[in-house]
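Some notes on the structure that comes next.
The values are calculated or read from the model by the stated rules, or taken from the named source; none is laboratory data. Since the model is a prediction, treat every value here as computed from it, not as a measurement. Cβ sites come from the backbone with ideal geometry, for glycine too, and all protein chains shown count toward neighbours. Remember, those area values only see protein heavy atoms, side chains included, never the ligands or the DNA or RNA. Shrake-Rupley method; radii C 1.70, N 1.55, O 1.52, S 1.80 Å.
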Amino acid sequence: MVDEDTAHMRIDGGVFAAVLSPDFRSDNTCFAAGASGLFCSRDAGDTWKLALDATEPGEELSVLALALSPDYEHDGVLFAGMHGGVLRSWDGGESWAAKVLPPPMPTVSSIGISPVFPKDSILFAGTFEDGVLRSSDGGLNFTSWNFGLLDSRILTLVVSPDFEVDDTVFVSSESGIFRSKNGGRSWREVDLPVSAVPALSLAISPGFADDGLLFGGTESSGLYKSSDAGESWTSIMDERLSGPINCIAFSSGFLSDSSLFVATTQQIYFSEDCGVKWYEWAQIPDVMALSVSPSSEGHPQVLAGTATGGVGWALHDAVKLRATIAALST
Amino acid sequence: MKKNTSEIPKGSPRVVFQPQSGEALRRGSSILAAVVKPTLGPMPRLAAVQDIMMRNGVPELLDDGGNIARRVIEIGDRDADVGAMLLRDALCTMHDDVGDGTACAAVLFEAVFSAGLRYAAAGGDVMGLRSGLDKGMRLILSALEDMAKPIGGEDDLVKMARTICHDDEMSETLGEIFDVIGQYGHLDIVKGKRKILEREYVEGSYWESGWLSSRMITDSDKRVTNVYNAAVLLTNISLTDQDIPRLARLVELAMKHGRDSLVVVTPGVSDSVVGLLLLNGKEKEDGKFGTLAAKVAEIQPRQTLDLEDMAILTGGRVVNRDAGESLAQVKWGDLGKARRVWASRHHLGLVGGEGDKHKLRDHIVSLRKSISQIDDKYLRDLTITRVGRLMGGAAILRVGGDTDSELEVRKDLADRTARVLRESAHHGVVPGGGIAFLHCQRLLLEKASSEGQGFGFRILADAMEAPFRAILSNAGFDASHYLMQVRRSDLKSAFDVRTGNIVNAESSGIMDVVSVLQSACRTAVTTAALALTTDVLVHRRQVDPVRQAHHDRQMHRARRGVQ
């Protein structure tokens with residue numbers, strides 16, 4: 001059940017994506033997508049409103065992926081991925097236009113957006129069945145570009161923050177991680193150990209152009225780190241991270257504070273030294289989506305969505321690390 | 001009294017010994033080397049070859065050493081002809097294998113062979129020299145490999161292509177294609193209908209086969225059959241009327257498991273089988289069940305290999321006639337699965353095969369490993385094509401031209417450039433313009449004193465200058481003037497004959513494919529060593545072509561029993 005306009009929001013069937021506006025500190029806008037639709041909050045998560053649901057009563061609209069334009073503040077563009085296509089909104093989620101993909105329709109599992117989207121209009125959609133679809137006209141048309149992509153079941157997709165220069169995109173599939181260095185037109189497998197796949201989550205450093213840093217969270221082999229743009233990978237030796245890593249999120253101030261978060265099936269962990277040491281951040285199980293923003297005090301604010309359907313904040317307490325996700329307590 | 005060779009009647013059998021035989025080999029090979037030498041470098045000169053078909057008496061203008069050598073089928077001097085044909089054979093073989101570097105090989109050969117002959121004439125040990133040349137060649141090959149760097153992205157590929165074809169449009173198109181498809185990518189170069197170059201990218205994997213009946217076409221405009229969410233039967237059994245009940249069972253199985261179509265890949269089907277498939281194609285309740293019978297290559301080993309690849313891509317199993325199997329034994333798990341299957345008259349394509357990705361990856365890795373161990377060119381090319389297919393995606397380049405002959409020439413050029421680009425992506429590149437060989441010269445001279453085979457090393461060291469000198473000479477520069485400058489510079493520098501300056505090789509795109517240089521060196525040195533140890537030339541009786549034709553006719557009549 002979905003209770004509209006409530007502070008303690010639950011999404012039936014689980015949360016698949018939670019995204020903060022690039023200008024979150026001033027517009028307080030965040031989105032959460034899940035098995036029963038897409039929700040929007042304009043007051044930093046205090047109240048949530050249904051932004052998109054099924055057109056027919058009784059039907060459920062499962063939104064698996066969500067991406068906001070880097071210039072969201074001005075263009076209000078966001079994309080939602082689901083079975084059969086991609087939805088685009090030009091007005092911050094008030095109205096939507098659908099791009100239905102050709103049959104047999106795939107399920108869009110992840111969306112990656114160019115960091116210079118207003119300029120190049122490039123958008124990627126990773127699918128469970130048809131590999132990667134690329135749009136160079138802002139999501140109006142999609143073309144399949146799967147050269148070298150041995151596995152077309154895409155679990156997650158990330159675009160380099162320096163995409164305009166390096167044309168780099170990474171995807172993880174059930175059987176490996178693949179990299180494209182030519183804007184998603186062809187793919188080469190990276191050297192992740194075979195025993196480590198599948199990688200459930202990927203995260204790319206905001207300073208990727210300089211540090212080449214990339215993290216991959218696997219299903220059964222814990223967390224992997226690459227410091228050379230995916231050429232080689234090393235396992236992060238921490239027993240607590242040995243289970244499935246559902247999601248990874250860099251702090252928005254990563255370049256100065258070197259902090260990042262990972263969510264396992266047990267809880268959220270936090271590192272402030274680029275993944276060397278890890279601390280427990282919040283004991284919230286089955287977190288499926290993470291998004292991080294600096295709070296007004298400069299501490300990271302973590303928006304989390306769980307497999308059981310809760311969405312809320314995991315706040316940092318200066319005295320003790322603890323979770324304060326009201327919605328998740330239910 | 002010794003008889004002068006010029007007095008021997010033309011066409012009579014003859015034996016020629018040293019020193020005449022060595023001199024004759026040098027004379028002939030020098031003529032051929034001189035023919036192809038002007039084509040070396042970025043500013044090649046042309047060779048006008050008289051057209052063998054005598055079409056309007058227009059000569060063929062060629063700038064490619066391999067093709068020029070191939071056109072030289074005889075030179076007047078019978079003794080020298082042996083030398084010319086020895087070198088010609090080596091160059092043609094290299095051209096077929098690598099597609100480039102024949103002029104460089106010819107220049108190197110001439111330098112090594114001439115120096116070797118002088119050494120032999122001075123009473124040197126030729127067999128010892130041969131051993132030295134062999135050791136020196138290995139040193140060069142290894143030094144070149146150490147120098148090689150992987151080729152970068154599209155820009156580097158375009159620059160590399162430009163050094164081969166000297167055609168901006170073709171360079172840019174092929175550079176883009178190889179950036180997308182990679183070193184193993186499946187590229188078909190075909191004749192186009194328009195005057196320009198056109199490229200098309202095809203999703204998934206495709207084979208040269210096609211539908212078995214045009215009645216299965218679903219898109220009549222493109223004359224293509226498309227079926228989705230398909231179960232795929234792979235077999236080398238030609239299906240006859242007896243297989244109809246078994247095939248009907250497979251159609252039911254596919255429907256029962258929620259598939260939207262059944263594809264049968266087989267060498268052949270009877271009309272009744274086509275009828276059954278068409279009938280079942282319309283029988284599903286929602287009328288959307290698709291059927292497709294597509295043929296598989298009939299020649300071996302392609303049939304077996306194609307079926308094996310399709311099975312791995314789709315997760316199916318080949319129902320094998322040779323193992324005594326029939327359709328009666330086929331279970332649901334034996335059928336492959338794919339998101340989309342398409343077939344045109346000449347092609348069969350699979351998109352989104354649902355086979356085990358780990359198995360697919362292992363298969364690709366084992367094929368890749370086997371490529372370097374396959375000596376047979378056809379099988380090696382076939383294996384590269386298979387890897388490209390399995391990796392998914394292919395490109396088609398349609399080459400156009402104003403006239404048929406221009407089209408042929410451009411297609412051949414595109415083929416050659418593509419082959420070199422593939423090599424460059426596979427083996428890496430070194431500084432071009434003869435610079436890489438000059439750096440080997442230093443190494444050879446260092447080793448010459450420490451190795452017992454000093455002469456072989458020194459001859460090779462001197463020969464390493466020959467490509468650089470030839471390139472500059474072809475562009476109108478005095479090589480001696482620039483040789484010292486280039487020697488003093490580092491490995492990143494090269495002489496740009498277009499500007500007359502020493503420039504950064506990489507940024508200026510003056511690069512050579514390392515495997516081409518290695519092949520040129522290997523061809524030149526092994527052929528020269530062979531020629532140096534050849535002491536005797538044996539000429540057979542030359543048969544008058546008119547008498548030969550008369551003789552052939554008589555033999556033919558005798559076989560038919562005609563009196």
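Where helices (runs of 4 or more DSSP H) fall entirely within the stretch B:123-191, those with at least 1 residues that are within 14 Å of chain A (Cβ to nearest Cβ) and closer than 27 Å to B:Ala436 by Cα are at B:154-165, B:168-181. For the structure I just gave you, tell me whether B:Leu443 is touching a residue at least 40 places away in the same chain (Cβ under 8 Å), in a loop (DSSP other than H, G, I, E, B) and farther than 23 Å from B:Gly99 by Cα. So B:Leu443 does not fit the description; no. The residue that is surrounded by the most Cβ atoms within 10 Å (Cβ to Cβ), counting only those in the stretch B:317-332 that are part of a helix (DSSP H, G or I) and without any contact (Cβ under 8 Å) to a residue 12 or more places away in the chain, is B:Gln329.
Within the stretch B:97-108, does at least one residue satisfy the condition of being open to solvent by 20 Å² or more (accessible area, probe 1.4 Å), part of a helix (DSSP H, G or I) and more than 14 Å from chain A (Cβ to nearest Cβ)? For the stretch B:97-108, residues open to solvent by 20 Å² or more (accessible area, probe 1.4 Å), part of a helix (DSSP H, G or I) and more than 14 Å from chain A (Cβ to nearest Cβ): present. The numbered conditions (1) within 14 Å of another protein chain (Cβ to nearest Cβ); (2) surrounded by fewer than 17 Cβ atoms within 10 Å (Cβ to Cβ); (3) in contact (Cβ under 8 Å) with a residue 60 or more places away in the chain are all true for B:Val227 except (2).
Candidates are the residues of the stretch A:294-311 that are open to solvent by 10 Å² or more (accessible area, probe 1.4 Å) and outside any loop (DSSP other than H, G, I, E, B); the one that is modelled with the highest pLDDT is A:Gln301.
Go through the residues of the stretch B:192-201 one by one and say whether even a single one is crowded, with 18+ Cβ neighbours inside 10 Å, at positive phi and out of contact with any helix residue (DSSP H, G or I) (no Cβ under 6 Å at 6 or more places or on another chain). Looking through the stretch B:192-201, none of the residues is crowded, with 18+ Cβ neighbours inside 10 Å, at positive phi and out of contact with any helix residue (DSSP H, G or I) (no Cβ under 6 Å at 6 or more places or on another chain).
Condition check for B:Leu360 on (1) outside any strand (DSSP E or B); (2) within 12 Å of chain A (Cβ to nearest Cβ); (3) open to solvent by 20 Å² or more (accessible area, probe 1.4 Å): one failure, at (3). Within the stretch B:237-279, the set of residues being surrounded by fewer than 21 Cβ atoms within 10 Å (Cβ to Cβ), touching a residue at least 60 places away in the same chain (Cβ under 8 Å) and not in a helix (DSSP H, G or I) comprises B:Ile237, B:His257.
Residue count for the stretch B:211-236 satisfying the condition of being in contact with a Leu (Cβ under 7 Å, 6 or more places away or on another chain) and either assigned to a helix (DSSP H, G or I) or at pLDDT below 90 (or both): 2. Would you mind stating whether B:Leu234 is of a type outside the set (D, E, K, R) and either within 14 Å of chain A (Cβ to nearest Cβ) or within 26 Å of B:Thr385 (Cα to Cα) (or both)? When the stated conditions are applied, B:Leu234 passes them. Screening the candidates A:Gly139, A:Gly148 for the property of being of a type outside the set (A, V, I, L, M, F, W, C), within 11 Å of another protein chain (Cβ to nearest Cβ) and either in contact with a Cys (Cβ under 9 Å, 6 or more places away or on another chain) or in contact (Cβ under 8 Å) with a residue 40 or more places away in the chain (or both) yields one hit, A:Gly148. Once the stretch B:364-413 is narrowed to residues that are part of a strand (DSSP E or B), more than 14 Å from chain A (Cβ to nearest Cβ) and more than 17 Å from the chain's Cα centre (by Cα), the residue that is surrounded by the most Cβ atoms within 10 Å (Cβ to Cβ) is B:Val399.
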